[in-house]
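Beneath this line is the structure, given in structure tokens, with notes to follow.
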Amino acid sequence: MNLKYLFFAASALAISACHYVSTDATLIDPTLHLARTCADGIKLYTVPDRVPRPYQEVALLSSVGKTSYSGEGDMIKSMREKAAKVGANGIILDSIAEPSALAKIAGDVAQIGAQATGQIATISAERKGKAMAIYVPGDSALTTAACARSQKS
């Protein structure tokens, strides 16, 4: 019976891990209104030169995530979701910065101390990421197809 509760708790933690990453979008041109896409339709590019077609910059993406509850994959997932909301169909990753080992230890010590006293820790080790959400007009049909496939799943 206890194993059942342990499995449930582990599943809940895994599902909620993406809630430990938040991404903000700053629109480049607020007058540009693109239709929402889906996260599965967002292509990830590591450098601008890898984008095979002309593109338009849509929004600057800035992500923050707690290192103890999320990974780089969670950060990229959050960026894809935010890019989809602003109508992008691609992301050019700028950087993902990990906190130093000392910052991670300080964050863990603060968390343990806060839990022991029933308070909330104000020091946390955070992973930070930056990217540019882009719209590639030549890829719009591919994006639509990817989103249609993800809805069927």
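The values are calculated or read from the model by the stated rules, or taken from the named source; none is laboratory data. These figures come from a predicted structure and were not determined experimentally. Reconstructed Cβ throughout: ideal geometry from the backbone, glycine too, with neighbour counts over all protein chains shown. Only protein heavy atoms, including side chains, enter the accessible area calculation; ligands, DNA and RNA are left aside. Shrake-Rupley method; radii C 1.70, N 1.55, O 1.52, S 1.80 Å.
Observations
- Close pairs from the stretch 76-97: first under 13 Å from Lys128 (Cβ atoms), partner open to solvent by 10 Å² or more (accessible area, probe 1.4 Å) and aromatic (Phe, Trp, Tyr), Cβ under 8 Å, at least 6 apart: Leu93/Tyr45
- Residue within the stretch 77-99 that is over 30 Å from Cys38 (Cβ atoms), assigned to a helix (DSSP H, G or I) and modelled with pLDDT under 95 present: no
- Residues in the stretch 48-65 that are surrounded by fewer than 18 Cβ atoms within 10 Å (Cβ to Cβ) and not β-branched (Val, Ile, Thr): Pro48, Asp49, Arg50, Pro52, Arg53, Pro54, Gln56, Glu57, Leu60, Ser62.
- Annotation: Lys104 fulfils all but one of (1) open to solvent by 70 Å² or more (accessible area, probe 1.4 Å); (2) modelled with pLDDT of 95 or more; (3) not in a loop (DSSP other than H, G, I, E, B); the unmet one is (2).
- Flag for Leu44 being under 20 Å from the mean Cα position of the chain (by Cα), open to solvent by 80 Å² or more (accessible area, probe 1.4 Å), hydrophobic (A, V, I, L, M, F, W, C) and modelled with pLDDT of 95 or more: no
- Any hit, the stretch 67-76, residues being in a loop (DSSP other than H, G, I, E, B) and among the acidic types (Asp, Glu): no
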